[in-house]
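Novice: Below is one structure. I have some questions about it.
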Amino acid sequence: MSRRLPSLAFDSLQGKFLWGTVLVVVLVMAAVVMVVEHRQRVAIIEEVQRRGEILARNLAAISSGPLLLYDYTALEQHAAWIGSEADVVYAIVLDADGRVAAHSGRPERIGTELTGEADRRAARTDVPLVQEAILRRESVYDVTVPIVVNQQKWGTARVSVSKSRMEAEIVRTRWELGAITLVTLLLSGCAAALVARRIAGPIRELAAGASAISRGELDPRIEPRTSDELGRLAVAFNDMADQLFQQRSALQDAHAELSRRFEELQDLKSYTENVFRSLTTGIVTVNLEGRIVTLNPAGELLTGYFAGEAHDRYCTEVFAHTAEVGEILMETLATRTGVAPVPLMLRRRNGTSVAVELSTAPLRAGEGKELGVVGMLRDVSLVRELEGRLRRSDHLAALGTLAAGLAHEIKNPLTSLLTFTRHLDRRFDDEGFREKFSRVVPRELERINAIVDRLLELSRPPRLAFELVRVSAVLDRALELYANEIESRHVRVRRHYTRDVPGIQADADALYRALVNLVANALDAMPKGGHLTVMVGWDDRARPRLPGRAGSDAMVRIDIQDDGVGIPASNADSVFNPFFTTKDGGTGLGLALTHKIVDDHGGAIDFTSAPGRGTTFRIVLPIRPVSRGAEDDTRRD
């Protein structure tokens, strides 16, 4: 038996086609049988129920008159007539009180009240009702129709129809459908077997030819026997064999070319690695998990780790002594956005520190696939040393400028004092001379004292009392101080305060003095009136944001803008120098003190100006104060 049915095995194409066809036919016929059987069953049930309802309505129609006349004999005759119909089990007529007025099967129940649940529902209903019940082990439909005369219920007609013939009809229908299904399966199986045999033969030849080609034998060819799809498939197979022969020759040539290109790529890789190792900038690459992949020799010198030690370790672990490096690398990995050079002190593995600038960029493949992050550590120790020398030179130059300005500012009042002292002995008795002496000498001494006090304030270490200060309130105080001058000069003030800017930690009095100087300069620049615009808002460009430090790095911006005469470009570098002024009677210390106050708060001040169009001074302050001593220690390191 097994020798005759090898082609019917499920792992063969013929067997799969045959069993697949049979399975589809079985599923289709099962669905058809279910639908037909369901519809036939529903139709038979509806027919039986409709017949029972017709009989009950007939019984109700012919019983209304006798029921009104209390003609129980006629009622019994009608019930017996309906009960004699085929498949009718009983026919009952109930009076208005729900008692049996006529019963086709059990006359002894006339005058009694039926107590079953179905009986009570039938007696109470005012509309036609169909109930299923079991009577002497026989399933029946109990159809109830109320007897209504002149819109008043006088009784109820009940007819019970047996389900036996209906169920027999349903069973017969199922057998018929089963027989049709079996015949269909047999016929479809035979047809599928013939078609499968017709298809499987040529395909077996194709399979044998393909197997030979897979072994490298490109000579087999298949003779097409028909012009249908299988014949065209054989022709295509022969064409494929010819093309494979040609392509194998082409592949052999391509292999030789690829071998040559591979050698060139190896040389290029070696060249790239040599460039990577020769860079004086430390290069570190991090994968998408935050683990270090490569570290060049310059990076080894800066970090104190060998590349093999750092490989596959988390960047936050390798740079644990300088947490900012790991944070910036992880921030770039999270945001996919590079970070511009950030100056910081990198602590090596051995505990020493070196000044570096760290910049990062996302690392992507040629097709844009994310690979990780590349970080560049540039040693700026020599640059910092040169900057220190340059700062010392600037300090010496500033000291010379300060000394010259101080000599100039003090020399004028001293000249007046010297003149008076030379004439004191000779003109002491002159009352006009004494009056002028008592007026000029104290005034010039006060002027010298004020210059010395402001110089002391400019040079002494800051003594600031930090507290929570609302910048807009301090700015309003400064404007209120010059309210009369603003009104007399016809200056219009425009305020733009961002609502969500919180209070900052600052010295309220020092900040007030700084803003007063800026407001005074703005008013002096507009002698004929104009617009004074003051703004308070956020400055997001002040510092790079690192994960977990957004609050401490947030900066508040203060802008004071006028549309006055402006500052010439030739004076731009001297604006914040002590004793530099373009105003008659000015000391040139106001903006220098303002610059120092802002610097003591850890902030920055700058300005932009266009001659004839106005000037804008901008102050940027941190939400929380920055320790200047800590920054100075960092610079010394």
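Novice: Give just the number: which of (1) modelled with pLDDT of 85 or more; (2) crowded, with 20+ Cβ neighbours inside 10 Å; (3) assigned to a loop (DSSP other than H, G, I, E, B) does PHE617 not satisfy?
Specialist: Going through the list (1) modelled with pLDDT of 85 or more; (2) crowded, with 20+ Cβ neighbours inside 10 Å; (3) assigned to a loop (DSSP other than H, G, I, E, B), PHE617 breaks only (3).
Novice: Here's a follow-up. Could you check how many residues of segment 548-579 are part of a loop (DSSP other than H, G, I, E, B) and modelled with pLDDT under 75?
Specialist: 5
Novice: Which of the residues spanning segment 351-382 are modelled with pLDDT under 85, among the aliphatic types (A, V, I, L, M) and open to solvent by 60 Å² or more (accessible area, probe 1.4 Å)?
Specialist: LEU382
Novice: Can you tell me which residue among LEU182, LEU218, LEU177, LEU244 is modelled with pLDDT of 75 or more and open to solvent by less than 30 Å² (accessible area, probe 1.4 Å)?
Specialist: Just one listed residue meets the conditions, LEU177.
Novice: Okay, next question. Going by the conditions given, is GLU205 open to solvent by 80 Å² or more (accessible area, probe 1.4 Å), out of contact with any Leu (no Cβ under 7 Å at 6 or more places or on another chain), modelled with pLDDT under 80 and among the charged types (D, E, K, R)?
Specialist: Criteria not met by GLU205.
The rows are residues; the columns are (1) touching a Lys or Arg at 6+ places or on another chain (Cβ under 8 Å); (2) surrounded by fewer than 17 Cβ atoms within 10 Å (Cβ to Cβ).
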position: THR112; (1), (2): yes, yes
position: ASP119; (1), (2): no, no
position: ALA122; (1), (2): yes, no
position: VAL143; (1), (2): yes, no
position: GLN152; (1), (2): no, yes
position: GLY155; (1), (2): no, no
position: ARG158; (1), (2): no, no
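Novice: Does THR280 satisfy being touching a residue at least 40 places away in the same chain (Cβ under 8 Å) and open to solvent by 40 Å² or more (accessible area, probe 1.4 Å)?
Specialist: Taking the combined requirement at face value, the residue satisfies it.
Novice: Okay, next question. Is it the case that segment 66-73 has a residue that's open to solvent by less than 30 Å² (accessible area, probe 1.4 Å) and in contact with a Gly (Cβ under 7 Å, 6 or more places away or on another chain)? Quick ask: steps written out before the conclusion?
Specialist: Here is the first cut: in segment 66-73, the residues open to solvent by less than 30 Å² (accessible area, probe 1.4 Å) are 66-67.
Add one more test, that the residue is in contact with a Gly (Cβ under 7 Å, 6 or more places away or on another chain), and what stays is 67.
Among the residues of segment 66-73, at least one is open to solvent by less than 30 Å² (accessible area, probe 1.4 Å) and in contact with a Gly (Cβ under 7 Å, 6 or more places away or on another chain), which makes the answer yes.
Novice: With the condition kept exactly as written, say whether any residue in segment 165-179 is touching a strand residue (DSSP E or B) at 6+ places or on another chain (Cβ under 9 Å) and not in a helix (DSSP H, G or I).
Specialist: Checking segment 165-179: not a single residue is touching a strand residue (DSSP E or B) at 6+ places or on another chain (Cβ under 9 Å) and not in a helix (DSSP H, G or I).
Novice: Could you grab me the full set of residues in segment 145-164 that are in a helix (DSSP H, G or I) and modelled with pLDDT of 80 or more? Before you say what the answer is, go through the steps one by one.
Specialist: If we filter segment 145-164 for residues that are in a helix (DSSP H, G or I), which is where we start, we get 164.
Residues satisfying the conditions do not exist here.
Novice: Report whether or not GLY231 is part of a helix (DSSP H, G or I) and at pLDDT below 75.
Specialist: yes
Novice: Taking the options THR226, THR272, name whichever one is hydroxyl-bearing (Ser, Thr, Tyr), at pLDDT 75 or above and either open to solvent by 50 Å² or more (accessible area, probe 1.4 Å) or out of contact with any Pro (no Cβ under 9 Å at 6 or more places or on another chain) (or both).
Specialist: THR272
The values are calculated or read from the model by the stated rules, or taken from the named source; none is laboratory data. Just so you know, these numbers come straight off a predicted model, no measurement behind them. Positions of Cβ are generated from backbone atoms using ideal geometry, with glycine treated the same way; all protein chains shown enter the neighbour counts. Just the protein is used for accessible areas: all its heavy atoms, side chains included, with ligands, DNA and RNA removed. Shrake-Rupley method; radii C 1.70, N 1.55, O 1.52, S 1.80 Å.
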